[in-house]
Amino acid sequence: IDRLSRDPKIQGVIEYWCDLNNVKIKTIDNPTSDEFIGDIQSAISKKENVDRIKRILRAKDISFELGRHIAKPPLGYVYDKNIKPSKLVQDIHISLIKRMFEMRKNGVGYLKIAKELNLKDKSDNYAFIRIKKMLENPFYCGYIQYRGIWKKGIHESIILLEEFLKIKGNEKWKKLIE
């Protein structure tokens with residue numbers, strides 16, 4: 001049971017359903033499933049889960065310090081698994097994204113950009129809010145974010161920081177990323 005669930009609450013649910021359906025729980029250590037041993041195994045599982053989470057967070061902290069993006073990359077980037085460690089590289093959507101930024105820089109609204117992209121690219125749906133979020137994402141000018149902190153990333157930027165700040169038109173982003 002301790003291997004089915006790392007969470008004591010879920011382990012309790014599993015044990016409840018096993019009891020309800022007359023399923024006998026057998027372990028290698030104790031064929032009669034002593035409750036005391038189950039509690040010890042549950043505590044060990046909980047400790048393993050806490051340690052696993054700490055390792056994941058430590059790895060994310062290290063990746064961020066090295067300037068690597070931690071989550072799924074935004075449209076326009078993919079992980080190149082042939083490069084060790086894997087690196088974000090620009091993908092086939094790059095010209096589309098550059099076009100979006102160029103249109104916005106020329107004063108075109110988000111809705112009009114979305115309509116034009118939907119006419120040109122039938123394989124995806126570009127909604128107003130998606131376009132807005134993309135054009136407000138400093139990732140495209142070379143920055144990454146983790147735990148509320150922005151930092152220069154090691155990925156190649158699609159637009160220059162100056163262009164991004166001009167499109168944004170406010171000082172909020174400048175303070176966040178400098």
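Read-outs: derived from the displayed coordinates by stated rules, not from any lab. Everything numeric here is computed off the predicted structure, so don't read it as measured data. Note: ideal-geometry Cβ built from the backbone for every residue, glycine included; neighbour counts use all protein chains shown.
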Spatial separation of Cα centroids for the range 48-72 and the range 125-169, in angstrom | 22 Å
Over 32 Å (Cα to Cα) among 47/72; 60/98; 60/132; 120/166; 9/151; 24/47 -> 9/151
Once you put a point 7 Å from the Cα of residue 17 and another 7 Å from the Cα of residue 124, both along the Cβ direction, what distance in nm separates them?
-> 3.9 nm
In order over the range 15-24: 3J(HN,Hα) from phi, Karplus 6.51/-1.76/1.60, θ = phi - 60°, whole Hz, x for each Gly or Pro, gives 4, 4, 5, 5, 5, 4, 9, 6, 8, 7
Read phi for every residue in the range 37-42 and hand back ³J(HN,Hα) as whole Hz from Karplus 6.51 cos²θ - 1.76 cosθ + 1.60, θ = phi - 60°, with x for Gly and Pro.
-> 5, x, 5, 5, 4, 5
